[in-house]
1. Out of the residues in region 52-67 that are hydrophobic (A, V, I, L, M, F, W, C) and surrounded by 11 or more Cβ atoms within 10 Å (Cβ to Cβ), which is modelled with the highest pLDDT?
2. Could you grab the pairs with beta carbons closer than 6 Å, sequence gap of 6+ or different chains, first residue in region 71-97 and more than 27 Å from Lys108 (Cβ to Cβ), second one loosely packed, with under 12 Cβ neighbours inside 10 Å and among the small types (Gly, Ala, Ser)?
3. Pick from region 119-139 the residues that are part of a helix (DSSP H, G or I) and either closer than 14 Å to Met64 by Cβ or among the acidic types (Asp, Glu) (or both): which of them is modelled with the highest pLDDT?
4. Would you mind finding the one in Met83, Met100 that is in contact with a Phe, Trp or Tyr (Cβ under 7 Å, 6 or more places away or on another chain) and modelled with pLDDT of 60 or more?
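The values are calculated or read from the model by the stated rules, or taken from the named source; none is laboratory data. Model, not experiment: these values are computed from the prediction. A quick note on method: Cβ atoms are made from the backbone with ideal geometry, for glycine too, and the neighbour counts reach across all protein chains shown.
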Amino acid sequence: MTKKLEDLFDLAPNQQGSDDPDTAHPGNDIEGNLPILPETLIALDKIELALPAVRGLEASDQEMDDLAKKATESFDNLMDLGMQVDSRYASEIFSVAGAMLGHAITAKTAKLNKKLKMIDLQLKKARLDQDSDEPTASTGTGVLLDRNEILNRLNKREQPKKPD
């Protein structure tokens with residue numbers, strides 16, 4: 001760790017005498033530098049406890065994968081068939097092949113949307129859990145002033161005092 005980083009983060013000086021982080025010993029006391037670590041671990045435990053309820057949905061993921069695979073195989077078969085038939089019939093076959101590819105994309109998109117929605121719900125739950133754990137604290141008080149009052153106060157503060 002460099003001297004500039006120590007000064008920037010207000011850390012204790014490096015006792016090892018080395019500026020190379022690769023030579024640092026893994027047994028160093030990190031807890032002094034990370035006071036939020038226990039709270040973070042508790043929050044992570046809460047999130048992981050909520051995850052098993054979500055993992056039961058993997059059966060539908062497999063079904064979506066199977067549907068996408070079947071649609072892609074049908075697309076390939078129809079494309080091969082469209083290349084081998086008369087040109088007046090090929091357009092309808094290619095149209096159906098395009099629809100099959102669209103179904104494959106829809107199945108994959110539905111799977112991803114479901115996962116993203118579950119992650120969003122988990123994050124919202126974690127945020128609610130975190131908000132309910134912390135007591136609300138007031139950060140300060142305010143005074144309602146108009147523009148003229150603010151300017152008067154600033155002018156009083158800037159006027160130099162006359163020497164006696």
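1. Checked region 52-67; the qualifying residue modelled with the highest pLDDT is Leu67.
2. none
3. Step one: list which residues in region 119-139 are part of a helix (DSSP H, G or I), which gives 119-133.
Pick out the ones that are also either closer than 14 Å to Met64 by Cβ or among the acidic types (Asp, Glu) (or both) and you get 120, 129, 131, 133.
Numbers: Asp120: 89, Asp129: 80, Asp131: 77, Asp133: 63.
Only one residue fits best here, namely Asp120.
4. Criteria check complete, one pass: Met100.
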